[in-house]
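Below you'll find the structure, written out as structure tokens, and then a few comments.
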Amino acid sequence: MPWSTITLQDVLDEFTPLETATLQALQGSTTPLPGILAKTLKKVRSAINAGGNQLDQTGLTVPDSLVDEVIAIARWRWLSSFPALKSLKTTERKEAADNAMKLLERLSSQDADRPRTELPAVVDATPVPLTQPSFGRVPHREFNKRNQDG
């Protein structure tokens, strides 16, 4: 699967035309959506990298398998910037954002069974973090003259 660029229009397409018009009328020309989308893309790309997955060179795309998660998070963050519009903050939208954040947590973990993403067409040469070996807890040992050899 390829990697895709997510645009403002992709996020706006998740709203009905009436909802979009209402949100844009309330914020006018100073909408925070571009900044919200940019921060969301950085967060998702950081989670991809933290989990040991490769990134692309553009810095602006995400795997197609994570497009819905990026849009869900950006949509919820944009809606959260309107405290008075509780009618647009549906349970389904909140759950979609929460599920997306949980997936990002699993993706960025160093667990062996974490989800993996597809490789981009042009891989960024920056090394990715590797899973660190895990050693069990060493029991506390007390050394004194009687229990030391040599």
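The values are calculated or read from the model by the stated rules, or taken from the named source; none is laboratory data. It should be emphasised that the depicted structure is a prediction, and the values quoted were computed from it without experimental measurement. Virtual Cβ from ideal backbone geometry, glycine too; neighbours counted across all protein chains shown.
Please count how many residues of the stretch 73-93 are under 19 Å from residue 22 (Cα atoms), in contact with a helix residue (DSSP H, G or I) (Cβ under 7 Å, 6 or more places away or on another chain) and part of a helix (DSSP H, G or I).
Of the residues in that region, 8 qualify.
Restricting the search to the stretch 53-72, which residues are part of a helix (DSSP H, G or I) and either of a type outside the set (D, E, K, R) or more than 10 Å from the chain's Cα centre (by Cα) (or both)?
Those that are part of a helix (DSSP H, G or I) and either of a type outside the set (D, E, K, R) or more than 10 Å from the chain's Cα centre (by Cα) (or both): 64, 65, 66, 67, 68, 70, 71, 72.
Limited to the stretch 60-85, what total is found for residues that are surrounded by fewer than 14 Cβ atoms within 10 Å (Cβ to Cβ) and in contact (Cβ under 8 Å) with a residue 60 or more places away in the chain?
1
So, in the stretch 102-121, exactly how many residues are buried (at least 16 other Cβ atoms within 10 Å of the Cβ) and without any contact (Cβ under 8 Å) to a residue 40 or more places away in the chain?
Within the stretch 102-121, residues that are buried (at least 16 other Cβ atoms within 10 Å of the Cβ) and without any contact (Cβ under 8 Å) to a residue 40 or more places away in the chain number 1.
Would you confirm whether any residue within the stretch 108-115 is part of a loop (DSSP other than H, G, I, E, B), on the phi < 0 side of the Ramachandran plot, acidic (Asp, Glu) and modelled with pLDDT of 70 or more?
Yes; the residues of the stretch 108-115 include at least one that is part of a loop (DSSP other than H, G, I, E, B), on the phi < 0 side of the Ramachandran plot, acidic (Asp, Glu) and modelled with pLDDT of 70 or more.
Please determine, by comparing only the residues of the stretch 122-150 that are surrounded by 10 or more Cβ atoms within 10 Å (Cβ to Cβ) and in a loop (DSSP other than H, G, I, E, B), which one is modelled with the lowest pLDDT.
Looking at residues that are surrounded by 10 or more Cβ atoms within 10 Å (Cβ to Cβ) and in a loop (DSSP other than H, G, I, E, B), I get 131.
Quick grid of which residues meet (1) under 24 Å from the mean Cα position of the chain (by Cα); (2) exposed (fewer than 14 other Cβ atoms within 10 Å of the Cβ):
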residue	(1), (2)
17	no, yes
24	no, no
37	yes, no
47	yes, no
51	yes, no
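A quick yes/no check of all residues on (1) within 16 Å of residue 120 (Cα to Cα); (2) not aromatic (Phe, Trp, Tyr):
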| residue | (1), (2) |
| --- | --- |
| 3 | yes, no |
| 17 | no, yes |
| 24 | no, yes |
| 47 | yes, yes |
| 71 | no, yes |
| 74 | no, yes |
| 77 | no, yes |
| 84 | no, yes |
| 94 | no, yes |
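Tell me which residues, restricted to the stretch 1-52, are within 17 Å of residue 88 (Cα to Cα), among the hydrophobic types (A, V, I, L, M, F, W, C) and part of a loop (DSSP other than H, G, I, E, B).
15
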